[in-house]
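Structure first, then comments.
The values are calculated or read from the model by the stated rules, or taken from the named source; none is laboratory data. All values derive from a computational prediction rather than experimental measurement. Backbone-built Cβ (ideal geometry, glycine too); neighbour counts: all protein chains shown.
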Amino acid sequence: MKSILLTGRNGQIGWELQRTLAPLGRVIAFDRDLLDLGDASVIRATIREARPDIIVNAAAYTAVDQAERDASQAMRINGQAPGMMAEEAKQLGALLVHYSTDYVFDGSKDSPYTERDQPCPINAYGRSKLAGELAIQSVGCRHLIFRTSWVYGLRGSNFLRTILRLSKEKEELRIVDDQFGAPTWSRMIAEATALALAHQTEPEGLFHLACGGAVSRHGFTKAILELTRHLRVREPLLAAIMASDYPLPAARPHNSMLACDHLAKALAIQLPDWRDALNLCLEGT
């Protein structure tokens, strides 16, 4: 069986990956306490001891607003650590799987972004994630980089869980209606990763991986509230606002839509529409 080293096992994607990758090999999973991505010596020592066939890096610095105040730490974890993993993977002949973000783009395009579009991040988090992509590519190890968007799930800190909490606490929710993307369930990302690794010809390169369709954050909130009405005693009012009405430390792209045609053509993998995925995620809640 292949040996798979997984980072970020307690994160949204990492928690799902422990289950989807298990049929493919022996998964050696690490959390932040066991593998500190801010420590170069720990990264290298851990990989050299495990000698994995595949490294799946699901760990990341994901606090987008905090990254504006702590850009150096975000860069160490998101930008420099993937490069070190790539160097170790190259020495071992291992495949490195890494996850990036729609935030590498500035959001000014009117249509979905393709892998050929020039990145231009507008916040520290996006700059750190782009640095990680470039570091991996410059090392030249065998790699799979998946850019995804608006990741959510029933674990961890994410938009879905925030809305579920606020809908019970607030009488009114004021949600931005001029930022668009495709909310993507963490389990779908993990399942797609497993499918890619089980492909007959081992894939390499950069791929966009997100659910189909597009919606504003306000529209996403409306869908969440509709599907979870049974969980609340009363319904909060839902108001649409502009991003300028709710300024945050980190700027967000107006357009976070990712074109996933390359993934569908190369690997025959295509995630469902965002609404269908949300239905599945909330089934049984």
Legend entry - Selection count, the stretch 186-212, where residues are more than 18 Å from PHE105 (Cα to Cα), touching a residue at least 12 places away in the same chain (Cβ under 8 Å) and part of a loop (DSSP other than H, G, I, E, B): 5
Inset, instruction - Return yes when ALA198 is out of contact with any Lys or Arg (no Cβ under 7 Å at 6 or more places or on another chain), closer than 23 Å to ILE54 by Cβ, among the small types (Gly, Ala, Ser) and surrounded by fewer than 18 Cβ atoms within 10 Å (Cβ to Cβ) and no when it is not. - result: yes
Legend entry - Test for ALA223: is it part of a helix (DSSP H, G or I), among the small types (Gly, Ala, Ser) and surrounded by fewer than 20 Cβ atoms within 10 Å (Cβ to Cβ): yes
Inset, instruction - Having 3 or more residues that are crowded, with 20+ Cβ neighbours inside 10 Å and touching a residue at least 24 places away in the same chain (Cβ under 8 Å) is the bar; report the strands (runs of 3 or more DSSP E) wholly within the stretch 21-109 that clear it. - result: 54-57, 95-101
Legend entry - Test result for ARG116, basic (Lys, Arg) and either modelled with pLDDT under 95 or touching a Pro at 6+ places or on another chain (Cβ under 6 Å) (or both): no
Legend entry - Filter pass, VAL215 being among the hydrophobic types (A, V, I, L, M, F, W, C) and either surrounded by fewer than 15 Cβ atoms within 10 Å (Cβ to Cβ) or at pLDDT below 95 (or both): no
Legend entry - Options LEU227, LEU267, LEU282: the member that is of a type outside the set (Phe, Trp, Tyr) and under 25 Å from VAL27 (Cβ atoms): LEU267
Legend entry - Scope the stretch 134-185; condition within 19 Å of MET257 (Cβ to Cβ), crowded, with 22+ Cβ neighbours inside 10 Å and either free of Cβ contacts under 8 Å to residues at least 60 places away in the same chain or of a type outside the set (A, V, I, L, M, F, W, C) (or both); matching residues: ARG147, THR148, SER149, TYR152, GLY181, PRO183, THR184
Inset, instruction - Filter the stretch 226-249 down to the residues that are loosely packed, with under 12 Cβ neighbours inside 10 Å and of a type in the set (A, V, I, L, M), then identify the one that is nearest to the chain's Cα centre (by Cα). - result: MET242
